[in-house]
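Q: Below is a structure I'd like to ask you about.
The values are calculated or read from the model by the stated rules, or taken from the named source; none is laboratory data. Everything numeric in this text was worked out from a predicted model, so none of it was measured. Using ideal geometry, Cβ is built from the backbone for each residue, glycine included, and neighbour counts are taken over all protein chains shown. Surface areas here come from the heavy atoms of the whole protein model, side chains and all, with no ligands, DNA or RNA. Shrake-Rupley method; radii C 1.70, N 1.55, O 1.52, S 1.80 Å.
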Amino acid sequence: MASIKDVAAEAGVSVATVSRVLNEHPSVSADARARVLAAVQSLGYRPNAVARSLRTDQTRTLGLVISDVLNPYFTELARSVEEEARALGYSVIIGNADERPDLQDHHVRTLLDRRIDGLLVSPTDGGSPLMLDAARAGTPMVFVDRWIEGVDVPVVRSDGRAAVRDLVAHLHRLGHRRLAIIAGPAATTTGRERVDAFREALAAFGIPLPDAYTGQGDFQAESGRRVTEGFLDLPEPPEVVFAADNLMALGALDALRARGLRVPDDIALAAFDDIRWFVHTDPPITAVAQPTGELGRAAVRALVDRIEGRPPQSVTLPARLVVRRSCGEPAAAQAPAARLSPLQRSTP
């Protein structure tokens with residue numbers, strides 16, 4: 001295996017010059033830089049990342065703590081983070097909090113101990129002293145999707161209020177008046193925000209939201225099933241169940257099918273957080289879609305800006321309504337055929 005001395009000999013420069021080129025130091029001439037890079041490629045030289053981190057106090061590694069790796073939304077988010085980080089010359093270590101604050105803090109502590117250059121977190125709740133301490137200590141950090149109020153770090157998220165208003169307007173046009181919501185945990189910013197957006201949108205149309213039509217979930221499928229069963233046991237069940245995340249929507253669908261109910265003939269179903277699976281359910285599910293890939297990429301860019309001494313920016317991107325057929329929409333309202341499987345396209 002070639003060494004840095006071999007590269008220096010091949011390029012006809014000093015070892016120090018090779019080191020400066022590899023660390024992108026601006027003091028190297030264009031000619032020397034070109035010869036070093038040609039020698040690196042010719043010899044197949046690979047820098048020792050551990051040794052270089054000891055010299056530069058950087059590991060070129062980012063930490064990502066996500067709320068639930070089994071949630072397809074966070075899986076897609078993690079993928080976009082890894083792709084963007086790799087494009088910018090960084091690696092990513094991922095920790096799965098499983099919607100548990102204690103596990104979240106365990107991963108954060110472990111990543112900080114491993115001397116990562118920066119940290120991306122989608123917090124499971126707003127009460128982590130460790131996160132606050134890390135921010136106050138100057139740890140390069142960005143919150144993605146969720147955030148902790150009062151902690152002064154950039155936030156990259158989507159704004160779903162307009163899309164939720166569009167959903168309620170859509171349901172109103174379809175004639176629905178009894179609308180219920182499976183809420184996410186109140187300890188999360190997204191859990192609170194989506195309930196507030198839904199309540200405000202209903203109020204704009206003069207539609208009440210009785211306490212009985214608000215069920216507390218935890219962004220897990222089982223809670224969606226449990227809350228939906230409670231809705232179905234009411235003397236006057238809702239006409240629409242809106243699940244504030246995709247896993248709770250799948251749990252709701254399980255509960256409806258277990259009762260022998262048909263969607264949307266007997267009851268309508270909508271979700272926040274569109275996922276690719278929703279076009280394959282029967283019927284395909286109407287959902288609010290977040291720009292997940294863009295969020296992941298923007299979060300990495302903000303964090304790298306912070307690490308490399310540039311001013312990071314918070315980013316808010318709009319969500320959008322994707323109309324399918326789970327709320328009683330006519331067939332013409334279905335999403336474009338290019339998004340469907342051949343089986344679905346052949347279904348009358």
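Q: Solvent-accessible area per residue for the chain at a 1.4 Å probe radius, Å²? Please list the in-between numbers first.
A: Working: 16300 Å² over 348 residues.
Computed with neighbouring chains in place, this is 47 Å² per residue.
Q: I've got another one for you. For Asp68, what charge total do you get from the other residues with a beta carbon under 12 Å from its beta carbon, if Lys and Arg give +1 and Asp and Glu give -1?
A: Numbers: positive: Arg100, Arg146; negative: Asp98, Glu99, Asp145, Asp218, Asp245, Asp273.
Charge balance in the 12 Å sphere: -4.
Q: I'm a student and want to see the number: the projected area of the Cα convex hull of the chain, averaged over all directions, in nm². Before the final figure, lay out the partial values.
A: On the way: hull surface 86.1 nm².
Across all orientations, the chain yields a mean hull projection of 21.5 nm².
Q: Can you give the local net charge around Arg178? Use residues other than it whose beta-carbon is closer than 11 angstrom to its beta-carbon, Lys and Arg +1, Asp and Glu -1.
A: Counting the neighbours of Arg178, the net charge comes to -1.
Q: So which GluC sites (Glu not before Pro) in region 131-226 pass both tests, a DSSP loop state and at most 14 other Cβ atoms within 10 Å of the Cβ?
A: Those satisfying the criteria are Glu149.
Q: Between Arg86 and Gln216, what is the spin-label point distance in nm, taking each point 7 Å from the Cα along the Cα→C-beta axis?
A: 4.2
Q: Antiparallel versus total DSSP beta bridges in the chain: what percent is that, nearest 5?
A: Just about 10 percent of them are antiparallel.
Q: OK, next. Sequence gap at least 6, Cα distance under 8 Å: using those rules, report the relative contact order of the chain to the nearest whole percent.
A: Here the relative contact order equals 15 percent.
Q: Let me ask something else. Kindly rank 176-185, 91-100 from highest to lowest mean number of other beta carbons found within 10 Å of each residue.
A: In decreasing order of mean packing, 176-185, 91-100 become 176-185, 91-100.
Q: So how far apart, in nm, are the two label points at Asp6 and Leu317 if each is 7 Å from Cα heading toward Cβ?
A: 4.2
Q: Here is a further query. Using Cα atoms only, what is the angle between the long axis of helix 72-87 and the major principal axis of the chain, expressed in degrees (0 to 90) to the nearest 10?
A: It works out to around 20 degrees.
Q: Can I ask one more? Report the charge-dipole magnitude of region 95-179 in Debye, nearest 20, computed about the Cα centre from +1 at each Lys and Arg Cβ and -1 at each Asp and Glu Cβ.
A: That gives a dipole near 520 debye.
Q: Considering only protein heavy atoms and a probe of 1.4 Å, how much of the accessible area of the chain is carbon and sulfur, as a whole percent? Write down the numbers at each step before the final one.
A: Values: 8390 of 16300 Å².
Carbon and sulfur: 51 percent of the exposed surface of the chain.
Q: Taking only Cα atoms, what is the 0 to 90° angle, nearest 10, from helix 101-113's long axis to the longest principal axis of the chain?
A: 10
Q: Same structure, new question: What percent does the relative contact order of region 72-186 come to when contacts are Cα pairs within less than 8 Å and at least six residues apart?
A: Value for region 72-186: 15 percent.
Q: I need the trypsin sites (Lys or Arg not before Pro) found in region 248-319, filtered to DSSP loop residues with at most 16 other beta carbons within 10 Å of theirs.
A: Arg259, Arg262
Q: Along the Cα→Cβ direction, 7 angstrom out, place labels at Asp254 and Ser42. What is the inter-label distance in nm?
A: In this crude spin-label approximation the distance works out to 6.2 nm.
Q: Net charge near Asp166, counting Lys/Arg +1 and Asp/Glu -1 over other residues with Cβ under 11 Å of its Cβ? Please report the intermediate quantities before stating the final value.
A: Working: positive: Arg161, Arg165, Arg173, Arg320; negative: none.
Neighbourhood net charge equals +4.
Q: A further question on this structure: So if R0 is 25 Å, what FRET efficiency would His106 and Glu149 give, r being the distance between their Cβ atoms, rounded to the nearest 0.05?
A: 0.65
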